[in-house]
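What follows is a single structure, written as structure tokens, with notes after it.
The values are calculated or read from the model by the stated rules, or taken from the named source; none is laboratory data. Just so it is clear, the structure is predicted and the values come from calculations on it, not from any experiment. Every residue, glycine among them, receives a Cβ derived from its backbone with ideal geometry; neighbour counts consider all protein chains shown. Note: areas computed on protein heavy atoms with side chains; ligands, DNA, RNA excluded. Shrake-Rupley method; radii C 1.70, N 1.55, O 1.52, S 1.80 Å.
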Amino acid sequence: MKITVTGSGTSFGVPVIGCKCAVCTSSDPHDTRYRPSIYISDTDENGGETALLVDVGAEFRLQALKYGINRLDAVLCTHSHADHVHGLDDLRIFSHTASASVESKLGEETKGEGLAIYANENTLSDLRNRFSYIFTQTQAGGSKPKIALKSVEAYSGENPLEIKSLCIIPIPMLHGTLKTSGYLLYSATAKERKSLAYLTDCSYISSESLEIIKKYGGEVEHVIIDGLREKSHSTHCSFYEALQYANELCPKNTWITHICHDMKHTEIQEYIDRHIADFENLSSAKENGGNVSPAYDGLTLFV
């Protein structure tokens, strides 16, 4: 399983429009942060390919072009805020082809119900309202996505969502008072279970949700977790809170995402290095060759 971090920034993106701070004017490419998203691809033992996207923000078209996203089997949504779903219309390129790939027969509508979008019930309700034109009959010639909204709420560790070679377990979280979905992913065809936990946006993860990851994640190779900034926030984890949650999960590698423009990439790493001794499991992982670092656009990981 290959994971590409296609966006690691907060809802404003970085640089922020009109801002002249040290981060927004930085020449370090690690400080340019698209809206948060990841792209996952997997090849099974027979050479079959699976491709998933987690969240489809306003910059999806740019992310797809930059990181070579040319096929999709499904999209997982964490929640319905603009920075996570307002690129939904650009999914039409994947739902008007003969297959999930866009390499041939552009313009042909996909047979069946369309590209699957998975999310919790409150997110699906928002998508139906916000993108109502997709689900109502309109005049000919008005190209729009052909998508199928599907709930993740029936899936669990004992009953994971299976999309071709990948298994997905939704992880309930809170983003302030809003219910969001993190995702635990692993390959169904691998000999040993190794997993990725993608946990954004959140300010609270219950002990029950953490236990799902620990029980069903096998060897957790990567945790990518919401960490907005050093200071506390009402709807996002701070850097320290993100590290606390990651420490409970004992991953080999920890990556902070959904980062605002308060600190440069190098400064966040310095912050982590100053505090790493507070976290026994993360310290041990780093001593054994793991990473505890801020994520960045273009970061490529493997499970």
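Net charge dipole, the chain: roughly 700 debye, given to the nearest 20, about the Cα centre with Cβ charges of +1 for Lys and Arg and -1 for Asp and Glu. For GluC sites (Glu not before Pro), the sites in region 1-99 that DSSP calls loop and that have at most 13 other Cβ atoms within 10 Å are 45.
In a GNM of the chain with a 10 Å cut-off on Cα contacts, which of 265, 275, 30 has the highest mean-square fluctuation? In this elastic network of the chain, the residue with the biggest mean-square fluctuation among 265, 275, 30 is 275.
Volume per residue of the convex hull around the Cα atoms, evaluated for the chain, comes out as 138 Å³. For the chain, the residue among 290, 300, 88 whose Cα projects farthest onto the positive side of the dipole built from Cβ charges is 88. Model label sites at residue 45 and residue 188, defined 7 Å from Cα along the beta-carbon direction, differ in position by 1.4 nm. Find which of 17, 272, 48 sits farthest along the positive direction of the dipole of the chain, computed with +1 on the beta-carbon of Lys and Arg, -1 on that of Asp and Glu, about the Cα centre. Of 17, 272, 48, it is 17. Run the paramagnetic zone check for residue 288: 7 angstrom along Cα to Cβ, then residues of region 193-232 with backbone nitrogen under 13 Å. The answer is 219-222, whose backbone nitrogens lie closer than 13 Å to the label point. Surface composition of the chain: carbon and sulfur make up 47 percent of the accessible area, probe 1.4 Å.
Given R₀ = 30 Å, what would the calculated FRET efficiency be for residue 130 paired with residue 162, taking r from the Cβ atoms and rounding to 0.05? Taking R0 as 30 Å, the efficiency between residue 130 and residue 162 is 0.60.
Take every DSSP beta bridge with both residues inside the chain and express the antiparallel ones as a percent of the total, to the nearest 5.
The antiparallel fraction comes to roughly 55 percent.
For the residues 54, 23, 223, a GNM of the chain with alpha-carbon springs under 10 Å puts the largest fluctuation on 23. Per-residue surface analysis assigns residue 248 an accessible area of about 90 Å², computed on protein heavy atoms at 1.4 Å probe radius. The slack in the chain from residue 153 to residue 174, taken as 0.36 nm per residue of separation less the alpha-carbon distance, amounts to 6.1 nm.
Region 111-198: which trypsin sites (Lys or Arg not before Pro) are DSSP loop and have at most 10 other beta-carbon atoms within 10 angstrom?
111, 191
GNM on the chain, alpha-carbon springs under 10 angstrom: the most fluctuating residue among 290, 176, 68 is 68. Shape analysis of region 128-217 yields a ratio of the Cα radius of gyration to the Kirkwood radius, Rg/Rh, of 1.10.
Using the Karplus relation 6.51 cos²θ - 1.76 cosθ + 1.60 with θ = phi - 60°, the per-residue 3J(HN,Hα) values for region 167-178 come to 10, 10, 10, x, 10, x, 9, 10, 10, x, 9, 7 Hz, with x marking Gly and Pro.
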